[in-house]
1. How many residues does segment 53-83 contain that are aliphatic (A, V, I, L, M) and at pLDDT 90 or above?
2. Here is a check on your reading of the model: is Ala94 modelled with pLDDT under 90, hydrophobic (A, V, I, L, M, F, W, C) and farther than 24 Å from Arg8 by Cβ?
3. Which residues, counting only those in segment 1-48, are touching a helix residue (DSSP H, G or I) at 6+ places or on another chain (Cβ under 6 Å), closer than 30 Å to Ser79 by Cβ and of a type in the set (A, V, I, L, M)?
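The values are calculated or read from the model by the stated rules, or taken from the named source; none is laboratory data. Remember, it's a predicted structure, so these values are computed and weren't measured experimentally. Cβ placement follows ideal geometry from the backbone for every residue including glycine, while neighbour counts extend to all protein chains displayed.
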Amino acid sequence: MVDTIMARRFRQFKYRCHQHYKNETDKVKARENPIEEVNIDDWKLLCDHFDSVQFKKRSDINVDNRSQVLYPHTTGAKSLSQRIFELNEKEKTANSEKTNDGVEPSNGEQQNDS
């Protein structure tokens, strides 16, 4: 859970950094004007990263992919992977419960689903 929260916060931080960089039209000025949380040396490294061919290529691919999404998922606040996990847990619980006649199968018996 802590890992998930930290990963989300880091993604948000990277997004804020990139937005700050993109909002400045003059890239030289952008390099000299870091956001509060970042020192100037680290900011310059981030600017180099934002200007790299690899970053721009990946960004363009992601923009294109997002534009092709016809239907957003409708699982609410939970991610699709969380929903799948919960369904698997529910299935495990259902399989471990007693059979319809109230008797748990013994170790040698298999449960008949028919």
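1. So the count comes out to 3.
2. Answer is yes for this residue.
3. Matches in segment 1-48: Ile35, Leu46.
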